[in-house]
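All of the numbers you see were taken from the coordinates with simple rules; none came from a lab. All values reported here derive from a predicted model rather than from experimental measurement. Positions of Cβ are generated from backbone atoms using ideal geometry, with glycine treated the same way; all protein chains shown enter the neighbour counts.
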């Protein structure tokens, strides 16, 4: 069978890997110049693309899907440039938006989620947690964050419950952590990683799908990305929690045996 995956974010990439491991012919279509480029530096997006190509997936970037053509079943995907891709299955993974329309006029501040303070309070007597919560994480200079991962929902739910019970609850300041298993590669990301961050690959090589890279901004270590490097990711996550300056983190990580 031939599978077309529309969207090369985490969901699309994981589905593509699973289908390929089952022996299916897979094509990934991505509108942007690299997978996951809304969230990560192109360095990491290109590494994801290479991982899939090395495993036999056709990855097409900078393409626009015009139509999914079907009769009794799907037949092909039509691109904006007129190209057609025959397929038996289409999987669309193009992201989500928070369901917040029903909260308009509620008195809550609504902006790409429910905006809260650093303790997850959205309004007197109202707290938020999970994918819909957008709050300033003081660990990253108060940058408003809205995270779509179950680990955040679990931690945030506990913190929100504590805020209900305690008006003097401490700020919610986690080091976000997500991972994705694709083929025999474990991709791990900790901290707040952004496309325009400074990036340093200090361990391994991207071409071998085994490396660790740190990211930073405003002269502070803010993130780590690891491919098959769990021990180093844990070490860097601890440094992020300690708000380690960038230069100090670079010295520590590059001078270690």
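Tell me whether segment 1-78 comes out rounded, prolate or oblate; compute the Cα gyration tensor, take square roots of the eigenvalues as a ≥ b ≥ c, and use a/c under 1.5 as the rounded threshold. Oblate. The residues 149, 52, 209, when put in order of fewest to most other Cβ atoms within 10 Å, stand as 149, 209, 52. The angle between the Cα long axis of helix 246-255 and the longest principal axis of the Cα atoms of the chain comes to about 70 degrees, rounded to the nearest 10. Of all DSSP beta bridges confined to the chain, the antiparallel ones make up roughly 75%. The C-alpha atoms of the chain define a longest principal axis, and helix 42-54 lies at about 40 degrees to it. Once a ≥ b ≥ c are taken as the square roots of the eigenvalues of the Cα gyration tensor of segment 101-165, is the result rounded (a/c under 1.5), prolate (a/b larger than b/c) or oblate (a/b not larger than b/c)? Rounded is the answer for segment 101-165, as its axis ratio a/c remains below 1.5.
Between helix 150-165 and the chain there is an angle of about 30 degrees, using the helix long axis and the longest principal axis of the Cα atoms.
The Cα atoms of the chain give a gyration tensor whose axes a ≥ b ≥ c have a/c of 1.5 or more with a/b no greater than b/c, which makes the shape oblate. Taking 0.36 nm per residue of separation and subtracting the Cα-Cα distance, full extension of the segment from residue 74 to residue 234 would add 53.2 nm. Relative to one another, the C-alpha centroids of segment 81-115 and segment 216-255 are positioned 32 Å apart. Averaging the Cα positions of each part gives two centres, and for segment 1-40 and segment 187-211 these lie 20 Å apart.
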